[in-house]
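Quick notes on the structure that follows.
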Amino acid sequence: MDLVLLRLLFVALLGVVCYFLQPFGLAGPLGAAIGVAAAGAVIVFELRVRALTLRRLIGAVAGSVLGIFGAALFCLVLRSAPLTNSTSAALQIFVLLLMTYVGLLVGANKGDLLNPAVLGTVFAGDKGPKRAAKVLDTSVIIDGRIADIAEAGFIDGIMVVPEFVLRELQVVADSTDGSKRQRGRRGLDMLQRMQSNPSVQVQIVSDDFPTIREVDLKLLELAKKWEAKVVTNDFNLNKVAHLHHVQVLNINDLANALKPVVLPGERMTVLILKEGKEYNQGVGYLDDGTMVVVDHARKMIGRSVDISVTSVLQTASGKMIFGKMDENGKSPDPPRSVPIELTR
């Protein structure tokens, strides 16, 4: 409210000053209108600057300064050209505006390429708390594993939950579909659980991007604004985030990294549940959900068999284990028993 009053005071003051001073020989009312319009343009510019990160702001300032410097050098050449005074002045003003405008735009767009380490502690006050922030998307909140990971202390910083994600969760929780309604309520329960834990920092932010309709793109813009990482288990969002150069923490990648390593030649027992896609294959699953494809095991559906691992396929969507067995349902090379020598 104080900021709004300050802006109104600025507009009124500039209008009064232009009314009495009559710039460019304009009459009082017309001069006041020009002053109010100029004040409005300044306020719009101020609102745009407030939305910029410090990197882009410094890039814009550096670009405009370099543009003015380049225009000054170019104007020296124009002054010595055989032109009339009015033509030379018009060209100099045009070059100055053009170089400043181009430098401002290019500097703002390339400001993200600045290295904060080179500029020392200038960025510490603006981005210190934001660097450790994690922006949560709807899918990872509903998944619920982020709560366990945060409570275990394996993820630090502020958990940022935008209000548009909360609205999406509420829509899912109010759905007429029973499955969707259960998932939405689970997500809200997980948020409440994290908020009630004093060791986990959850911050609800009102930042929104009205010009963007897709929630995933809003998340990416928010992550860029906060210079934070996006936490998700959505495969498509993971790919899009990499295209936008936004860092992603994929819960599925963490789960795959924590799965026990299975090496070719190891033996295991698996329950064959269904037939595979290829001829005479059987498919089973480990306790963690990893799919196991066994050759010549189609007739063993519903039975547990001993297999020998032949290969392991790791993909972004999960892990698959391939194995083989003999016709008797036993591993082709059963492990030899090793005698244990007892000592007194």
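The values are calculated or read from the model by the stated rules, or taken from the named source; none is laboratory data. In this text the structure is predicted, and so the values were computed from the model without any measurement. Cβ sites come from the backbone with ideal geometry, for glycine too, and all protein chains shown count toward neighbours.
Residues that are aromatic (Phe, Trp, Tyr): find the helices (runs of 4 or more DSSP H) completely inside the stretch 1-114 holding 3 or more of those.
2-21
Results for (1) touching a residue at least 40 places away in the same chain (Cβ under 8 Å); (2) within 17 Å of Ala150 (Cβ to Cβ); (3) outside any helix (DSSP H, G or I); (4) in the same structural domain as Lys224 (by TED's automatic domain parsing), shown as yes or no for each residue.
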residue: Val160; (1), (2), (3), (4): yes, yes, yes, yes
residue: Glu168; (1), (2), (3), (4): yes, no, no, yes
residue: Arg181; (1), (2), (3), (4): no, no, no, yes
residue: Arg186; (1), (2), (3), (4): yes, yes, no, yes
residue: Asp189; (1), (2), (3), (4): no, yes, no, yes
residue: Pro198; (1), (2), (3), (4): no, yes, yes, yes
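For the stretch 268-325, which positions are hydrophobic (A, V, I, L, M, F, W, C), farther than 28 Å from Asp253 by Cα and assigned to a strand (DSSP E or B)?
Residue satisfying the conditions is Val305 alone.
Find the residue count for the stretch 224-255, including only residues that are under 20 Å from Leu54 (Cα atoms), under 8 Å from the mean Cα position of the chain (by Cα) and in a helix (DSSP H, G or I).
Result for the stretch 224-255: 1.
Yes or no: the stretch 264-277 includes at least one residue that is within 30 Å of Ile149 (Cβ to Cβ), among the β-branched types (Val, Ile, Thr), modelled with pLDDT of 75 or more and not assigned by TED's automatic domain parsing to the domain that holds Asp143.
yes
Would you confirm whether any residue within the stretch 200-223 is more than 30 Å from Arg55 (Cα to Cα) and either aliphatic (A, V, I, L, M) or at pLDDT below 90 (or both)?
No, the stretch 200-223 has no match at all.
Please determine whether any residue of the stretch 27-34 is under 30 Å from Trp226 (Cα atoms) and crowded, with 16+ Cβ neighbours inside 10 Å.
The answer is no, given that none of the residues of the stretch 27-34 is under 30 Å from Trp226 (Cα atoms) and crowded, with 16+ Cβ neighbours inside 10 Å.
What number of residues within the stretch 221-267 are within 20 Å of Leu313 (Cα to Cα), of a type in the set (Gly, Ala, Ser) and touching a strand residue (DSSP E or B) at 6+ places or on another chain (Cβ under 7 Å)?
So the count comes out to 1.
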